[in-house]
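Report on the following structure.
The values are calculated or read from the model by the stated rules, or taken from the named source; none is laboratory data. Note that the structure is a prediction, hence the values are computed from the model and not measured. Heads up, the Cβs are rebuilt from the backbone with ideal geometry, glycines too, and the neighbour counts pull from every protein chain shown. Keep in mind that these areas ignore ligands, DNA and RNA; they rest on the heavy atoms of the full protein, side chains included. Shrake-Rupley method; radii C 1.70, N 1.55, O 1.52, S 1.80 Å.
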Amino acid sequence: MKADKTIAKAWVKAQGRASRSRTSVVVVLGLLSTLLGLLQAWALARTLASVLTRDTDSTGPAIGVFLLACVLRVILSTIQDMTAASAGIHARRRLRREVLDRIIGEGPALLRRHHSAAIAATLVDRIEALDGYFARWLPAASLWLVSQWLVVIALYVENHQAGLILAACCAMLPIFQAVFGIATAVASRKQFLAMNRLQTRFLDRVKGIATIVLSGGTDRETQALAKSADDLRQRTMKVLRIAFLASATTDVAMVAALVLIVVTQAHTLMGHPSDAVLTRALYAVLLVPEAFASFRALSAAYQDRAHATAAAEAMHELAPLTERTAAGPDVLQTKGGISVTAENVSFAWDEQRGTVIHDVSFVLPAGATLILEGASGAGKSTLLELLLGFVSPSQGRILFDGQDMQSLSPRQISSRISWIGQKPVLFAGTIRENILFARPDASAEDLDRAVSAAAVDQYLSSLPDGLETRIGEGGFGLSGGQAQRIAIARAYLKDAPLLLLDEPTSHLDPKTEAEILVSLKDLAKGRTVILCSHSAQARQFQGWHLVLDAGRAIAFTGEAA
Amino acid sequence: MSAPLPTNPVAETGSETALSRILQVWRPQYTRLITGMVIAELAVCAGLALMGQAGGRIAGAAVGAGPAYLLLRLSGVSQIVLRYFERLYTHDAMFRALADLRVWFYRKLAGGAAAGLGFQRSGDLLTRLVSDVQTLDNLYLRILVPLVSALLTLPIATLVWMRAGTEAGLLTGALFAVLAFILPLMGARLSRRFGPDILRAESELRIAALDLTSGLREARAFGAEDVLAAAVTDRQETLFKAQRRQQTRMALMQGFAGLIAKAGIAVILCAVAGLLFPQAPAIAGITALFVAITVLEGVTGLARAGLLSGQVSHAAQRIVEIADRAPPAPEGNAPLPAGRDLRLENVTFRWTPDRDPIFRDLNLTLRQGERAALIGPSGAGKSSLAALILKAASPEQGRILLGGTDITTLRDSDLRSQIAWLSQASHLFDDTVRGNLLLGRTDIPDTALWAALDQARIADVVRNLPDGLDTWIGEGGSKLSGGQGRRIALARVLLSDAPILVLDEPATGLDAETERAFLETLNNATEGRSVLLIAHRLTGVEKLDRIWRLEDGQVISSAC
């Protein structure tokens, strides 16, 4: 907890530094606006004093100065608003880039620790929520103290007594804030946890809503949701109760200053006061709201600061950026596949759950096929993830063409492999985009070749817009077989020497499975293939067999097996 | 799974109707919401009195009126107290209303779930609930409360200003009205143009982010991280562009509002000075001036609220639109019949009118306690049959009877308590093993859980998990293997005491040996219940009374 706080603080500080130049423009504009505020108050006090003392000569010019100051101030604050907005955009752009790099840096292993929705929420909502931090909080935080004491000094110069009263009331603010500010920070940390939990829970419940409804759990789930929504309200109110108390203290300081100044100044005005005395008294009263305006802007942005701390913590949960040094050559001889060697590979997802792959070794020559067998949970998928480079062995090593995977960058690994899983993730977009995803710079001929090799063209004519049909979430629904053909087309387009197949037909009926297997066998030609599948049909693949049982290799048999 | 879900066309709901629907949902909170507005107005009046008194007292002292500070002190204290309670009370009322809205939305969603939901993007739905509902807090706190309070303040402030001169007072009152009502209205118009763009861009950004995070495996395997990251940054730029447009307009609008506020102050000031207007009495004039400064600056922010209203009404529209998706079949209230025979009579069904029917004139009877298999290739409509039986979809023609009663006349919950369903899409929740088995029920002892796990042949695996039943299984059961997850889902179904089990491809993802063992246990575990086994093939170990083969929308053979 303590360490977390230090990290959050360091992060917040670093953010402040990174956007200093943009913040300072906003701050300078704010200071100018305060100076205009002083002029405005003085001109107004001057006008009123001249009216009250019936000194009509100076009324006109004073009103003129007042109006001019008013207009200038409005223009300034409009510019200030726009500058602040662009500071917010600039900062969010920079941060989102950083978070993207971190997510990509850690890759699929991240999904073992965090819900994909939670990562997406960090990437989108947390960063969007930081807009106020950069656009409002940072400028207000650097501005308020200077601006407030500028007003106090300006008043003291003209009117000692009122200046001292205002100074005393302003000096109370940091004390109030220290007390309530800490309490708010602690409480809001809890609130953000509750918020995040509600979001994750809701997405999960929406994904499974059919399961819930059809098992008659709607009422129970709705009640659970109501409870967590209420929990959120209570937590938020806990934070707000203190936060509002903190802003009430501002009201206390301001009202005290106002009442004291009115009462004391009214005494000095007994009898027939001079023009100057009256101006000073009115100036004092008019400057009270001005002195507290900058602090109010800061309090209004207080929530924005809390967002920053929460964002810092969420980002801390992502792994820091690590530069993996690329040692191997990038030029590859793809024809004929590559050899794959596993040397005493062991792996554990975490200590507590124990080792899931024990000391597995095999040598697979270039162009050969390896079929992974074993009951569900025997470690086949984990072994594939190791071969994909999503995770690294705890012990032992895996070699591609004699080169340790550890010495290869993720990009170099991915250039060597194609992967087809149980259910391909199709992205929101057209079929063309979904296939080109494997190689965005592919030529039209290459794309056509991949489309026909994977037999995607067989069903294209039945789709409304052919290759341009929008699919994926919210788009046109494809059957499992059709989706799998897109994955095969991706693999053709990619043309990598090693093909990893993770139960590619497990969700298909026998007829579709047979058709898909024909395409897969075609794809496998001239490549090294590692396949794991339960299906009897899929075992028609000729090749080596590796049988896993509880993470151990219990048999490794040769080709004709 | 392959069953295409209908895109339910919903008539474009007008934004006014959407807002009034939302206000209806809030009805139970009306007392609180209105009380909040009243406190808000009282706080405004206290602030107004405070500044008015401050100006008036100084002016009074200057012209030799006697000192009287009671009202000043009183208004000071009440302003502090009222402002605190106003904030606290309005926020609390708002959060209560928002919680009601969330629950209402989820309930509505559940009503039309199986029919419409499958086609909705889950990322988009998340936006709708979390972000749109959040946006709606603006409706009360930043639009309704200030607007109502401005409406109540207008006559009070105008009366004060008229003491500085009738014309000047009325003119300032008019400027106040422009600030509080006309500018926000213009703002609302403006934002009706931009608000939807921002929400849409945000939603698109969220989809791109979810594409990246849920497709991290694909991204790494294909070295396509940059493509997905570029999609995120592209959509971010679209969002920023939309935001910048709105922010610029907002700043300009705010500037314009500032000028109008200053004009109002200038009018009173002229009256005080005797320029253009007849000169006001000093104390009344200066009191009016101080009130003008406070009140006009207070409502300057309402222009911003107008801009917000576009976003708010769009959010309301989307929430209502989703919520109004009609449930697939009407709900009845007939009592449950005694018999458990399930019978389909001349059922014709298609998901959308533009597609071929999945069933044509289908007739089937599953007698109580009978075990039947429905075999057919994927896409033949096997899962659609489950949807029909569970009233997640309704037939175009024909009817479905449970114990001789048409299921459309039954209560949904009654029907579903009689039929337990294991589908390919059965969802594993990001929860513990126990939570996944119970789905919120509390009336089942652990021994029953273990018995179900045993029957589903997963008990040993669960026993070896670090926390047993309390082990967290991750998103979609990601911490288990595919086969283990399926068996947890099966255990959940076996746990229900429904007399009819619909098992849609229960053995998907199991290896041949486990599948065989699993089907054998199924034979014992389902003793005495009706079973409808939906599969694309049989292994030979199933004990069955009937086998139906489905092809081209018809049962073409029935054996055993």
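General observations
- Against the numbered list (1) more than 8 Å from chain B (Cβ to nearest Cβ); (2) over 28 Å from B:GLY55 (Cα atoms); (3) of a type in the set (Val, Ile, Thr), A:THR268 comes up short only at (2).
- Looking only at residues in region A:414-429 that are among the small types (Gly, Ala, Ser) and assigned to a strand (DSSP E or B), the one that is nearest to A:ILE516 (Cα to Cα) is A:SER418.
- Residue check for B:ARG192: in a helix (DSSP H, G or I), within 14 Å of chain A (Cβ to nearest Cβ) and either basic (Lys, Arg) or open to solvent by 20 Å² or more (accessible area, probe 1.4 Å) (or both): no
- Counted residues, region A:205-232 - those being more than 7 Å from chain B (Cβ to nearest Cβ) and aliphatic (A, V, I, L, M): 1
- Residues that are at the interface with chain A (Cβ under 8 Å from one of its Cβ atoms) and open to solvent by less than 20 Å² (accessible area, probe 1.4 Å), drawn from region B:510-537: B:LEU510, B:ASP511
- Residue-level check: of (1) within 16 Å of B:PHE85 (Cβ to Cβ); (2) free of Cβ contacts under 8 Å to residues at least 40 places away in the same chain; (3) open to solvent by 10 Å² or more (accessible area, probe 1.4 Å), A:MET237 misses just (3).
- Residue match in region B:515-532 (condition: of a type in the set (S, T, N, Q) and at pLDDT 80 or above): yes
- Selection count where residues are within 22 Å of A:ARG112 (Cα to Cα), buried (at least 20 other Cβ atoms within 10 Å of the Cβ), more than 26 Å from the chain's Cα centre (by Cα) and more than 8 Å from chain B (Cβ to nearest Cβ), scope region A:414-445: 1
- Of all residues making up region A:277-312, the number that are more than 30 Å from A:ALA129 (Cβ to Cβ), open to solvent by 10 Å² or more (accessible area, probe 1.4 Å) and small (Gly, Ala, Ser): 0
- Region B:446-464, subset at pLDDT below 85 and surrounded by fewer than 22 Cβ atoms within 10 Å (Cβ to Cβ), residue farthest from A:TRP349 (Cα to Cα): B:GLN455
- B:MET253 open to solvent by 50 Å² or more (accessible area, probe 1.4 Å), of a type in the set (A, V, I, L, M) and either in contact (Cβ under 8 Å) with a residue 60 or more places away in the chain or not assigned by the TED database to the domain that holds B:LEU296 (or both): no
- Verdict on A:VAL518 being farther than 21 Å from A:SER452 by Cβ and in the same structural domain as A:SER381 (by TED's automatic domain parsing): no
- If you go through region B:365-410 and keep only what is within 19 Å of B:ARG340 (Cα to Cα), open to solvent by 10 Å² or more (accessible area, probe 1.4 Å) and at pLDDT below 85, you end up with just B:ALA387.
- Taken residue by residue, region A:449-469 has no member that is open to solvent by less than 40 Å² (accessible area, probe 1.4 Å), polar (S, T, N, Q) and over 24 Å from B:VAL232 (Cα atoms).
- Of everything in region A:78-88 that is among the polar types (S, T, N, Q) and touching a helix residue (DSSP H, G or I) at 6+ places or on another chain (Cβ under 6 Å), the residue that is nearest to the other protein chains (Cβ to nearest Cβ) is A:THR78.
- Cβ-Cβ contacts under 6 Å between residues 6 or more apart (or on different chains), taken from a first residue in region B:464-482 that is closer than 22 Å to A:ALA118 by Cα to a second residue that is modelled with pLDDT under 85 and in a helix (DSSP H, G or I), are listed as B:GLY477/B:GLY485.
- For A:GLY271, the criteria (1) assigned to a helix (DSSP H, G or I); (2) open to solvent by 40 Å² or more (accessible area, probe 1.4 Å); (3) not β-branched (Val, Ile, Thr) hold in every case but one, which is (1).
- Residues (assigned to a loop (DSSP other than H, G, I, E, B), buried (at least 22 other Cβ atoms within 10 Å of the Cβ) and either touching a Phe, Trp or Tyr at 6+ places or on another chain (Cβ under 9 Å) or among the aliphatic types (A, V, I, L, M) (or both)) located in region B:413-445: B:LEU428, B:ASP430
- Hits in region A:106-121 (condition: over 17 Å from A:GLU385 (Cβ atoms) and more than 9 Å from every other protein chain (Cβ to nearest Cβ)): none
- Of the criteria (1) modelled with pLDDT of 85 or more; (2) in a helix (DSSP H, G or I), which one A:ARG411 fails: (1)
- Of the residues making up region A:44-70, those that are more than 15 Å from B:LEU275 (Cα to Cα) and within 7 Å of chain B (Cβ to nearest Cβ) number 1.
- Apart from one condition, B:ALA180 fits all of (1) buried (at least 23 other Cβ atoms within 10 Å of the Cβ); (2) closer than 22 Å to B:GLN279 by Cβ; the exception is (2).
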